[in-house]
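One structure is given here, and the rest of the page talks about it.
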Amino acid sequence: MPIRALLFDLDGTLADTETLHFEAFAEVLRPAGITVDRADYFARLIGYTDHDCFALLLAEHGRPATPEAIAALTARKATIYGAMIADRDVIYPGASAFVRHCAERFPLIVVTGTLRREAETILGRAQLRDRFVDIIAAEDVAHGKPAPDGFLAGLGRLGFILRPRPSIVAAECLAIEDTAAGVAAARRAGMRVLALSHTAPAAVLAAADLIRPSIAATDLDDVLRRLAAGPSA
């Protein structure tokens, strides 16, 4: 099936923000006596929502992972992270040009585990918000990646946007991701996946259809040709 729509992850895919997320998590949890190891975060927690990260870390350290505790930590982390990105250009080199080129040919949606206001800030500052028909953010789904909820919500939104054209199916969507959790989520939604090894080695992203070292090194026509040619391309 030909590709009819693209669904982009944000953190680590379009924006070089994963280190900032890690630093914000570490700062929030430090007063509680919980140390977040950088290597562990990038190996195991990257791609998760704030809620899921806090729930897991609290439970692992024997702390009550109540909804109230998680909500308080999430709010504090959002304040810290929001200040980090407010006046900072975090878009990867080549990402703006790639998005603009893609938007000339396909409807685009962001599917992210970050909060909506954070996604709006990043895309707005990069003058890319109008290139995306919608954002599916952490608040919009019950379960974050690696669950497929975000991509399935994006697929539903695309079906509404593309009417009255023929209904779009998951196999006609290309998800662009940078984490194993994101690749797994897109796969579970039935989509094809392009992985960018911005934040994880290619071996970790092996479940993707295609892997490229960066968004700057990605050629859309080459990607589409290889996807059309099948697994041997």
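For every residue, the table says whether it meets (1) small (Gly, Ala, Ser); (2) farther than 18 Å from residue 3 by Cβ; (3) within 14 Å of the chain's Cα centre (by Cα).
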residue: 143; (1), (2), (3): no, yes, yes
residue: 150; (1), (2), (3): yes, yes, yes
residue: 166; (1), (2), (3): no, no, no
residue: 178; (1), (2), (3): no, yes, yes
residue: 193; (1), (2), (3): no, no, yes
residue: 207; (1), (2), (3): yes, yes, no
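Summed over region 113-130, residues that are over 14 Å from the mean Cα position of the chain (by Cα), crowded, with 18+ Cβ neighbours inside 10 Å and part of a helix (DSSP H, G or I) total 1.
Among residues of region 211-229 that are among the charged types (D, E, K, R), those with a Cβ under 8 angstrom from a residue that is in a helix (DSSP H, G or I) and at pLDDT 95 or above, sequence gap 6+ or separate chain, pair up as 212/223. Residue check: residue 192 meets all listed conditions (1) closer than 28 Å to residue 39 by Cα; (2) out of contact with any Lys or Arg (no Cβ under 6 Å at 6 or more places or on another chain) but one, namely (1).
From the list 147, 203, 153, 171, the lone residue that is modelled with pLDDT of 95 or more, more than 15 Å from residue 11 (Cα to Cα) and either assigned to a loop (DSSP other than H, G, I, E, B) or outside the structural domain of residue 10 (by TED's automatic domain parsing) (or both) is 147. Within region 66-85, is there a residue that is under 18 Å from the mean Cα position of the chain (by Cα), within 23 Å of residue 7 (Cα to Cα) and part of a loop (DSSP other than H, G, I, E, B)? Within region 66-85 (the criterion being under 18 Å from the mean Cα position of the chain (by Cα), within 23 Å of residue 7 (Cα to Cα) and part of a loop (DSSP other than H, G, I, E, B)), the answer is no, since none of the residues qualifies.
The values are calculated or read from the model by the stated rules, or taken from the named source; none is laboratory data. It should be emphasised that the depicted structure is a prediction, and the values quoted were computed from it without experimental measurement. Cβ sites come from the backbone with ideal geometry, for glycine too, and all protein chains shown count toward neighbours.
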